[in-house]
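J.: Here it is: the structure, laid out below.
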Amino acid sequence: MSTRDVAGSSALAPSGGGHRSHGPSAFGDDLRRFWNLTLTLAATDFKLRYFGSVLGYFWSLARPLLFFGVLYVAFTRLLGLNEGIPHYPVYLLSSIVLWTFFTETTGGCVQCLLAREGLLRKMRFPRLVIPLSVALTALFNLGTNFVAVLAFAFASGVEVSWTWLELLPLMALMATFAVGIGMLLSALYVRFRDIQPIWEVLQQILFYGSPIIYVATLVGEKAGIKWQHALVTLNPIATILTQVRHAFVDGSAPTAAAAAGGTTRLLIPLAMIAAMFALGLWFFSREAPRIAENL
Amino acid sequence: MTSTASHPPAPAAAPRPSAPPAVVVHHVNKAFRIPHQQYHTLKERALHPFRGNTYDELHAVDDVHFEVAQGEFFGIVGRNGSGKSTLLKCLAGIYDVDSGDLHVRGRLSPFIELGVGFNMDLTARDNVMINAIMLGLTRQQARERFDDIIAFGGLEDFLDLKLKNYSSGMIVRLAFSVAIQVDAEVLLIDEVLAVGDAAFQQKCFAEFHRLKDEGRTILFVTHDMSAVERFCDRAVLLEKGKMVHIGEPYTVARRYNELNFGRTVHELPDEAEEGAEERFGDRSAAEIVEAWFENGAGERVGDMAHGEQCRVCMRVTFHELVEHPVFGFTLRNDVGATIFGAHSDMTIGPTGVFDADTEAIARFEFQNWLVASTYLLTPSIARHGPGADAYDLRTDIGQLIVHGGFYTGGVTNLPHTFEVTPA
């Protein structure tokens, strides 16, 4: 395989105006167009979802709400996971909505390049626009769903607090983690079509391995085994959800740092998020020029 | 002032040599790997870790090297599989090249497929915005040009109709309007435009001419040599990924026709449009065996330059005695319009008496003033007398490609003189 002679190209390039590297890439050379495109694709998807049917908003809310209902009945009435946890339903609903955002982004990214094959094979545009628009659509949904969560929190009598503002950076962390995984999955799927079932299984494991239906501290109390506790409290999703519980649902609940057993330990999940994002970005950028022909 | 326009001068070569080139293609190579055994899943890859490393390389574009000047109408021609579409996709920035360099100066609007990204569940209004942004406009610019786009397509009354309720013609019009209005400096046009009807094609080409006059650069990929000769300033001919010829459209079209028809001129009449042939008449008394075109030297040809001497011929077998049959020829152009017809009754009257089991060849000769295009020949033989009592009529069995000459918008270039005198 021959390589592109970049040094030689600049000598020949007409100064200014010409594209230095003309082939497709992850980012392209115009960030404004990159953002315009991402926003347009995401807005279109969002619009189709909500205006396609009269009950659009209701349907997008129905899924997490029904899921919530089932889990609530199963785990409070039958298993009693809510014992001693103030505002357990609020915690459950907010964690489900955040988890829905995570699965919508990562799961949606898996096949997103194939779904947009028509565009990829016919147009020159930054390839990263496609997985990012999936994440952005999921972010719009998170926004609309969280309106329902806030209403539910008010109705349940959760105290309004300044710490609610912490939700924004926490969601940003969640988005960074999800986009990192999404970029990796979408680029991998171009080569390996069984990424789809593999990711579904991993997602299941992550669902039960993260404190969504239970709270993180429960593992330490009930199981009492150190490595399990570490596994559950140190995964990025657990860290984020534990801090959400502290900041949003119950100020007396332990912070993420406390649950992990020290502030320095928080560096582990943060490093995982950063590493996953970097890995996804690196892999996607590497694959971007050949996506159209490999699909 | 008096001048005659019998044979036109060759079109001017690359205009404006002083300006930097709009498109530079510098020794570009692009190969596709075709694995002998392709693995699509991780599982297969894990099960056969040492297999599947063999592959064939298909050199779709092989060391192609040219420059296109600003404001030039440049043709890229070649047969199927010659690599022209791959080259276009490299130019459009969809495929990355393996080696060499491609530079496009300014914004590029690819007409590779119209209406990419159109969503049938959204209204025309939304689709125009999305498509314009896909083609590189900002939201602000897209809003500003919205009215022009709709006006060009003539779709003012259907703005809020969902696209799925549009006719296919309306969708093409809408897509074309968007692509035209994005103000790209370089336009890449694939032969996809050929799907429109003749009127729409004419409108497209008129629009391309306007854009060219404004100094835009146009790269045009096609099979249609008459279009290349009509519109292009220069053209390149590709064959199996390599450049075979670059230069004036006339010479490129010649080479292309040689590649296609050079070795098979004699088979042409049978080959042309085999499935499309319709045959009328009972063939009981006389039958057309074959029909072909000849040049002035009496050689069978499949293509011919404008202005040359042209003969249309048919060979007829008689099964019984026939008196004064009427031989006829009709020529139709690429859009199916009849250009002219002639029959022996009109020109020479009685043709003679032919015995059973004899053959005859009828020749009809004329100076070729037809414009560059593809022409189809329909020969016929009919019983003498009034009415169209055909023994045999075979539609479109011969084909002639005419190249060279002015394109005036008409179907022929008649020899003429021009005179301007002060009155």
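The values are calculated or read from the model by the stated rules, or taken from the named source; none is laboratory data. Note that the structure is predicted; figures quoted are calculated from it, not measured. As a convention, Cβ positions derive from the backbone with ideal geometry for all residues, glycine included, and neighbour counts pool all protein chains shown.
J.: Could you tell me which residue of the range A:246-268 is farthest from A:A155 (Cα to Cα), considering only residues that are in contact with a Phe, Trp or Tyr (Cβ under 9 Å, 6 or more places away or on another chain) and not aromatic (F, W, Y)?
T.: A:A253
J.: Right, another one. If we only count helices (runs of 4 or more DSSP H) wholly inside the range B:84-168, which ones have 3 or more residues that are in the same structural domain as B:T217 (by TED's automatic domain parsing) and exposed (fewer than 15 other Cβ atoms within 10 Å of the Cβ)?
T.: Once the helices (runs of 4 or more DSSP H) in the range B:84-168 are filtered for at least 3 residues that are in the same structural domain as B:T217 (by TED's automatic domain parsing) and exposed (fewer than 15 other Cβ atoms within 10 Å of the Cβ), what remains is B:139-153.
J.: Which one of A:W164, A:W99 is modelled with pLDDT of 90 or more, of a type in the set (F, W, Y), closer than 20 Å to A:F248 by Cα and buried (at least 18 other Cβ atoms within 10 Å of the Cβ)?
T.: Every option except A:W99 fails the conditions.
J.: Kindly evaluate A:A259 against the criterion of being part of a helix (DSSP H, G or I), over 18 Å from the mean Cα position of the chain (by Cα) and farther than 29 Å from B:C90 by Cα.
T.: yes
J.: Here's something else I'd like to know. Identify, by number, the condition in (1) within 7 Å of another protein chain (Cβ to nearest Cβ); (2) assigned to a loop (DSSP other than H, G, I, E, B); (3) at pLDDT below 50 that A:S9 doesn't meet.
T.: (2)
J.: Right, another one. When the residues of the range A:17-27 are filtered to those that are assigned to a loop (DSSP other than H, G, I, E, B) and within 9 Å of chain B (Cβ to nearest Cβ), which remaining residue is modelled with the lowest pLDDT?
T.: A:G17
J.: Looking at B:V322, is it out of contact with any Cys (no Cβ under 8 Å at 6 or more places or on another chain), farther than 23 Å from B:E299 by Cβ and surrounded by fewer than 21 Cβ atoms within 10 Å (Cβ to Cβ)?
T.: no
J.: Could you grab me the full set of residues in the range B:257-315 that are of a type in the set (V, I, T) and either surrounded by fewer than 16 Cβ atoms within 10 Å (Cβ to Cβ) or modelled with pLDDT of 60 or more (or both)?
T.: Listed by number, the residues that qualify are B:T264, B:I288, B:V289, B:V301, B:V312.
J.: Tell me, yes or no, whether the range A:208-230 has at least one residue that is among the aromatic types (F, W, Y) and at pLDDT 70 or above.
T.: yes
J.: Additional query: Within the range B:75-108, how many residues are of a type outside the set (K, R) and facing chain A (nearest Cβ under 7 Å)?
T.: Residues in the range B:75-108 being of a type outside the set (K, R) and facing chain A (nearest Cβ under 7 Å): 13 in total.
J.: Same structure, new question: Regarding the range B:350-368, can at least one residue be identified that is closer than 17 Å to B:I288 by Cβ, in a strand (DSSP E or B) and among the β-branched types (V, I, T)?
T.: Yes, because at least one residue in the range B:350-368 is closer than 17 Å to B:I288 by Cβ, in a strand (DSSP E or B) and among the β-branched types (V, I, T).
J.: Ok, one more. Quick check on my filter: what residues within the range B:235-251 are assigned to a strand (DSSP E or B) and either β-branched (V, I, T) or crowded, with 23+ Cβ neighbours inside 10 Å (or both)?
T.: Matches in the range B:235-251: B:A235, B:V236, B:L237, B:L238, B:V244, B:I246.
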